[in-house]
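The next block holds one structure in the form of structure tokens; read it before the comments.
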Amino acid sequence: MIKNIIFDFGGVIYNIDHGLSQKAFEDLGAINFKQLYGHQVQTGLFERLERGEIQAQDFRNSLQEILPVNITNQQIDDAWNALLIGFDKRKLELLKAIGKNYRIFLLSNTNIIHYNRFIAELNIYTDFRSLFEDVWLSHEKKMRKPEKEFYLKLMEKHLLLAKETLFIDDLDINIESAKKLGIQTYYLNNGQSMLDLFYNNKLII
């Protein structure tokens with residue numbers, strides 16, 4: 001019996017398109033940016049930012065090395081945030097409804113630049129972090145999916161049993177990592193919406 005639900009953020013709650021950031025950086029003059037960053041592949045610079053191992057300015061400085069000299073920090077942030085498309089406000093109401101019957105958590109690979117952008121947008125409608133019993137973001141916890149410790153430490157802190165916990169993510173490598181820990185999983189892919197999953201399939205509520 002499922003008692004706990006752990007949600008991914010990007011691609012599940014919030015719509016993203018990595019190709020938009022790739023194009024934005026290439027428009028700024030970066031060559032072959034898609035080889036450095038994408039949904040499936042991220043080079044060390046992006047992983048370090050997601051783990052909170054480097055500051056936002058260190059990240060910007062590194063990208064300046066592959067960009068024309070006249071590119072500003074704001075242009076870099078705007079290009080980096082281009083992948084953040086937006087969200088359906090109905091998902092916020094859905095999370096509120098789910099939270100009445102289940103312990104819900106957020107477990108996301110993200111970074112301080114993206115976080116500052118999306119949290120300001122979400123908080124216009126609700127105190128986003130308060131929708132969850134706990135929020136685990138990679139840049140705050142110094143860990144990231146699919147590292148097993150990221151899942152395990154959240155579960156250990158809140159005494160969650162794997163067999164009673166459902167993890168929802170849109171990236172197969174993260175799903176497989178959770179499965180190896182005995183966590184129940186749902187792979188949200190092929191354009192499937194979180195709204196479809198819960199309302200149309202009547203998974204809960």
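Centre-to-centre, using Cα atoms only, the stretch 89-153 and the stretch 1-24 are separated by 10 Å. Distance from the C-alpha centroid of the stretch 62-79 to that of the stretch 172-196: 34 Å, rounded to the whole angstrom.
Full extension of the segment from residue 180 to residue 74, taken as 0.36 nm per residue of separation minus the current Cα-Cα distance, would add 34.1 nm. Answer rounded, prolate or oblate for the stretch 18-83, using the Cα gyration tensor with square roots of eigenvalues a ≥ b ≥ c: rounded when a/c is under 1.5, else prolate when a/b is larger than b/c, else oblate. Cα axes put the stretch 18-83 in the oblate bin.
A short reminder: the numbers here are calculations on the coordinates, not readings from a lab. Just so you know, these numbers come straight off a predicted model, no measurement behind them.
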